[in-house]
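In what follows, a structure is listed as structure tokens, so that the remarks can point back to it.
The values are calculated or read from the model by the stated rules, or taken from the named source; none is laboratory data. Being a predicted model, the structure only gives us computed values, none of them experimental. For neighbour counting, all protein chains shown are included, and Cβ atoms are generated from backbone atoms with ideal geometry for every residue, glycine included. Just the protein is used for accessible areas: all its heavy atoms, side chains included, with ligands, DNA and RNA removed. Shrake-Rupley method; radii C 1.70, N 1.55, O 1.52, S 1.80 Å.
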Amino acid sequence: MLKFRQAELNDLESIIAIEQQIFSTDSYPAFVVRQLFDISGHNFVVAEEHNQILGYALGSVNSKRKQGWILSMGVDKVARGRGLGKQVTKHLMEVLKAEDVKEIALTVFPENATAIKIYKNLGFQKTQVLENYFLDNEERIVMTLRVNEDRK
Ligand SMILES: CC(C)(COP(=O)(O)OP(=O)(O)OC[C@H]1O[C@@H](n2cnc3c(N)ncnc32)[C@H](O)[C@@H]1OP(=O)(O)O)[C@@H](O)C(=O)NCCC(=O)NCCS
């Protein structure tokens, strides 16, 4: 059965393997994932099926700006096209919304049509295009979504 839950320390090896499969030399090194795990609190969600981690979404909160961030999200190639990317992102958004944030933000490469489609489907809008965001002379789209507008 497919389920979505908070990431645990034991999941990191599988998460790192997916990161490396997807992002290759641009993937977060293991020590960065380990330390992000420690500071992410609840904001790290995995998709699991038959005890196998198939995807993850990692977030963080900038409490001073009341801003939640989606930092990384990925689905194992064997499990794509089943809605996992959208669902794992949605679960992370729910966790972020439960924090005292007014906005959720993320960045994405303009060529990443699949990810952009997911974020648009979930209500995100393109708010900026930043040049050289990762110091690699590539553009990066910033997408944001206002949340918790009913809260004071
Ligand atoms: C982006 C990614 C997570 C999508 O995972 P997934 O589980 O296959 O996505 P979903 O099954 O939820 O599909 C999402 C939508 O994209 C659509 N889609 C699938 N392939 C597509 C493509 N090549 N171009 C455009 N849209 C596409 C699907 O039809 C679906 O749309 P729908 O909900 O309207 O039917 C996955 O491709 C991945 O891990 N990519 C590499 C990592 C990455 O880019 N992460 C985001 C970084 S910001």
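Over the C-alpha trace of region 2-146, radius of gyration and Dmax come out as 14.4, 41 angstrom.
The Cα-based radius of gyration of region 1-86, divided by its Kirkwood radius, gives an Rg/Rh of 0.96. Extension gain for the segment Gln20 to Asp136, taken as residue separation times 0.36 nm less the Cα-Cα distance, is 39.9 nm to one decimal. Between Asn10 and Lys66, what FRET efficiency comes out of the Förster formula 1/(1 + (r/R0)^6) with R0 = 30 Å and r the beta carbon distance, rounded to 0.05? Efficiency computed from Cβ-Cβ geometry: 0.40. Within the shell of other residues whose beta carbon sits under 14 angstrom from the beta carbon of Thr25, the net charge comes to -3, with Lys and Arg scored +1 and Asp and Glu -1.
Pairs spanning more than 20 Å between alpha-carbon atoms, out of Lys102/Lys126; Lys64/Lys86; Lys77/Lys120; Lys66/Lys97: Lys64/Lys86; Lys77/Lys120. If I take every Cα pair under 8 Å that is 6 or more residues apart in the chain, average their sequence separation and divide by the length, what percent do I get for the relative contact order? Taking the mean separation of contacting Cα pairs over the length of the chain, I get 18 percent.
Simple spin-label estimate for Phe31 and Arg80 gives 3.1 nm between the two label positions (7 Å along the Cα-to-Cβ direction from each Cα).
Panel values: region 62-109, Kirkwood radius from alpha carbon pairs, Stokes-Einstein at 37 °C and 0.692 mPa s, translational diffusion coefficient 278 µm²/s. For region 2-146, the solvent-accessible area of protein heavy atoms averages 57 Å² per residue (probe radius 1.4 Å; ligands and nucleic acids excluded). Take the Cβ-Cβ distance between Asp38 and Lys97 as r, set R0 to 22 Å, and report the resulting FRET efficiency rounded to the nearest 0.05. For Asp38 and Lys97, the calculated efficiency is 0.50.
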